[in-house]
Amino acid sequence: MAETHFGFQKVDEREKARRVAGVFSSVAQKYDVMNDLMSAGLHRLWKKFTIELAAPRPGERVLDVAGGTADLSSAFAPRVGPRGEVWLTDINNAMLGVGRDRLLDEGVLTPVAQCDAEKLPFPDNYFDIVTVAFGLRNMTHKEQALAEMRRVLRPGGRLLVLEFSRVWKPLEKAYDLYSFKLLPWLGEKIAGDAESYRYLAESIRMHPDQATLKAMMENAGLERVDVFNLSAGVVAVHRGYKL
Ligand code: SAM
């Protein structure tokens, strides 16, 4: 079995998937409140920006990969309207359950599917927009997941990847302090789980930087790939097209 990373640790691939599942099953109920706390609400702006870049139009079909608690699906649904489709998908049942309940509470009737981004159960050339927000980092075979996301896009469709990225160098020290000290402390206090938030900080450091992810998307066959840095590179949105 090939090896990969779970945060800073080297583990075999099956072990990584098992541990990622453990993290998200553990944090699902506190996921939304932790996101607001950890980012001081900024994640809402990052997601809003991503949706504006995707520029959904009425009647379009959207796939929200690793959609978790459904922030993006919830915002896409009114934009594509009743003639459009928004699919909320995630590999983790606990996260998906929170997302599905939230959409129902909002009166959004949209399909929800539990599936692995590396093996999407959708036909070729189906979606106008595919998004993955803070999900790619957790996937074992990122190239395979990107290829799958491209496969299900129709020609002319766009893929948006919102993910943590490489922060502006002068801010690195302060960001390290925040990530490795404050995050696990907050995780312990609010979610009773320091370990999952230590994984978060480590997995961000192990994730490809802006230029590497751009190259990975191009290798997966996406074209006209643009990178948008947000909050000094704490996160970046990569947008690419299937032409
Ligand atoms: N997109 C949501 C957001 O931005 O708030 C949730 C992001 S959460 C940090 C990461 C999500 O990726 C988790 O819900 C996790 O279950 C999901 N995930 C991890 N590996 C996955 C895979 N191989 N396929 C689909 N989803 C995956």
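Results, tabulated for the structure shown:
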read-out: Exclusive hit being surrounded by 20 or more Cβ atoms within 10 Å (Cβ to Cβ), closer than 30 Å to Asn125 by Cβ and among the hydrophobic types (A, V, I, L, M, F, W, C), set Leu243, Leu200, Leu136; value: Leu136
read-out: Matching option when the condition is surrounded by fewer than 20 Cβ atoms within 10 Å (Cβ to Cβ) and within 23 Å of Met216 (Cβ to Cβ), among Pro170, Pro155, Pro123, Pro184; value: Pro155
read-out: Among the candidates Glu118, Glu163, residue that is more than 8 Å from the ligand (Cβ to nearest atom), within 17 Å of the chain's Cα centre (by Cα) and either closer than 30 Å to Gly233 by Cβ or crowded, with 22+ Cβ neighbours inside 10 Å (or both); value: Glu163
read-out: Residue match in the stretch 81-88 (condition: under 25 Å from Arg151 (Cβ atoms) and modelled with pLDDT under 95); value: no
read-out: Within the stretch 11-68, considering residues that are in a loop (DSSP other than H, G, I, E, B) and within 11 Å of the ligand (Cβ to nearest atom), the one farthest from the chain's Cα centre (by Cα); value: Gly68
read-out: Pairs where the first residue, in the stretch 45-74, is at positive phi and the second is of a type outside the set (A, V, I, L, M, F, W, C) and assigned to a helix (DSSP H, G or I), C-beta under 7 Å, 6+ apart; value: Gly68/Tyr31; Gly68/Gly99; Ala70/Gly99; Ala70/Arg102
read-out: Cβ pairs under 8 Å, 6+ apart, first in the stretch 225-241 and over 19 Å from Ile129 (Cβ atoms), second of a type in the set (Lys, Arg) and buried (at least 16 other Cβ atoms within 10 Å of the Cβ); value: Gly233/Arg166
read-out: Matching residues, the stretch 69-96, being β-branched (Val, Ile, Thr) and in a helix (DSSP H, G or I); value: Val80
read-out: Criterion violated by Val132 - all others in (1) within 13 Å of the ligand (Cβ to nearest atom); (2) out of contact with any helix residue (DSSP H, G or I) (no Cβ under 9 Å at 6 or more places or on another chain); (3) not hydroxyl-bearing (Ser, Thr, Tyr) satisfied; value: (2)
read-out: Selection from the stretch 69-93 of residues that are within 8 Å of the ligand (Cβ to nearest atom) and closer than 13 Å to Ser25 by Cα; value: Thr69, Asp90, Ile91, Asn92
read-out: Some residue of the stretch 1-17 being touching a residue at least 24 places away in the same chain (Cβ under 8 Å), over 25 Å from Gly192 (Cα atoms) and surrounded by fewer than 21 Cβ atoms within 10 Å (Cβ to Cβ); value: yes
read-out: Scope the stretch 97-126; condition assigned to a loop (DSSP other than H, G, I, E, B) and touching a residue at least 12 places away in the same chain (Cβ under 8 Å); matching residues; value: Glu106, Val108, Thr110, Pro111, Cys115, Asp116, Leu120, Phe122, Pro123, Asp124, Asn125, Tyr126
read-out: Strands (runs of 3 or more DSSP E) contained entirely in the stretch 135-243, each with at least 1 residues that are in contact with a Lys or Arg (Cβ under 6 Å, 6 or more places away or on another chain) and among the hydrophobic types (A, V, I, L, M, F, W, C); value: 153-164, 223-230
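The values are calculated or read from the model by the stated rules, or taken from the named source; none is laboratory data. Note that the coordinates shown come from a computational prediction; the quantities given were computed from them, not determined experimentally. As a convention, Cβ positions derive from the backbone with ideal geometry for all residues, glycine included, and neighbour counts pool all protein chains shown.
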